[in-house]
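The values are calculated or read from the model by the stated rules, or taken from the named source; none is laboratory data. Source: prediction; values computed, not measured. Cβ coordinates were reconstructed from backbone atoms using ideal geometry, including for glycine residues, and neighbour counts include every protein chain displayed.
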Amino acid sequence: MPVVVIANPKGGVGKSTLATNVAGYFASQGHAVMLGDADRQQSSRLWLGLRPEAARPISTWEVGDNSVAKPPKGTTHVVLDTPGGLHGAQLDDVIKLADKVLVPLQPSVFDIFATRAFLDQLAEHRKAGKIQVGLVGMRVDARTIAADKLREFVEQLGLPVLGQVRDTQNYIHLAARGLTLFDVAPGRVAKDLAQWQALCEWLDR
């Protein structure tokens with residue numbers, strides 16, 4: 001049972017957007033998906049409450065404030081949305097469960113510095129060698145200097161960059177209805193699905 005953790009200590013980088021759409025992708029493949037939310041803001045849990053009954057089911061994974069319990073039997077795929085400032089015992093619990101960690105990045109100097117420290121911490125973790133780590137650029141406009149700085153940063157890391165998610169209202173409008181890119185007609189979100197292709201292939205490995 002793959003467990004995909006979405007993590008970055010910096011708040012507001014798009015963790016919940018990434019987590020809900022990863023869960024939506026797994027659900028679109030017919031998997032029994034659970035989406036857990038360890039963030040106090042409970043954005044992913046709120047999103048699940050908005051999800052229509054007609055959409056492919058995604059179950060709630062009850063996650064405590066101070067610990068992460070194993071998901072129940074019958075689940076085939078798990079996605080965990082984590083809080084900003086993830087560290088210490090909670091980070092240990094998450095890494096023990098994780099098969100893959102997705103780290104969303106935004107093209108700002110603040111996000112870059114905060115994320116670098118986290119990636120260093122992740123690399124030093126005793127189980128870091130047993131998980132796969134991938135980076136995803138969030139709200140990236142490829143024409144900007146900020147995007148160039150982000151590219152320079154990730155080139156130094158030796159980690160796969162699985163894609164860059166453009167800054168579009170599609171994610172906002174879909175989230176408000178409890179939906180993902182994978183719940184609507186592909187023609188409506190073709191540009192966005194193209195950006196997710198490499199990420200989806202990585203998730204399926």
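Could you tell me which numbered condition GLU201 fails, if it satisfies all but one of (1) over 20 Å from ASN8 (Cβ atoms); (2) part of a helix (DSSP H, G or I); (3) touching a residue at least 12 places away in the same chain (Cβ under 8 Å); (4) not aromatic (Phe, Trp, Tyr)?
Only one criterion is unmet by GLU201, namely (3).
Considering each residue of the stretch 177-205, count those that are acidic (Asp, Glu) and touching a Ser or Thr at 6+ places or on another chain (Cβ under 9 Å), and give that number.
Of the residues in that region, 2 qualify.
For the stretch 73-92, name all the residues that are at pLDDT 85 or above and over 18 Å from LYS15 (Cβ atoms).
Once the filter is applied, which keeps residues that are at pLDDT 85 or above and over 18 Å from LYS15 (Cβ atoms), the stretch 73-92 yields THR75, THR76.
Consider only pairs whose beta carbons are under 7 Å apart and that are at least six residues apart or on different chains; among these, list those whose first residue lies in the stretch 157-179 and is closer than 11 Å to ASN21 by Cα and whose second residue is assigned to a loop (DSSP other than H, G, I, E, B) and among the small types (Gly, Ala, Ser).
GLY178/ALA55; LEU179/ALA55
Mind checking which residues of the stretch 146-185 are in a helix (DSSP H, G or I) and of a type in the set (Asp, Glu)?
Residues satisfying the conditions are ASP148, GLU152, GLU155, ASP183.
So for the stretch 152-161 (the condition being surrounded by fewer than 17 Cβ atoms within 10 Å (Cβ to Cβ) and within 22 Å of ILE58 (Cβ to Cβ)), does at least one residue qualify?
no
Among the residues of the stretch 135-149, is any over 22 Å from LEU199 (Cβ atoms), modelled with pLDDT of 75 or more and surrounded by fewer than 21 Cβ atoms within 10 Å (Cβ to Cβ)?
no
Scan the stretch 96-123 for residues that are surrounded by 18 or more Cβ atoms within 10 Å (Cβ to Cβ) and in a loop (DSSP other than H, G, I, E, B) and report the count.
Residues that pass the stated criteria total 3.
If GLY64 satisfies every condition in (1) outside any helix (DSSP H, G or I); (2) at pLDDT 90 or above; (3) more than 26 Å from GLY158 (Cβ to Cβ) but one, which is the exception?
For GLY64, the failing item is (2).
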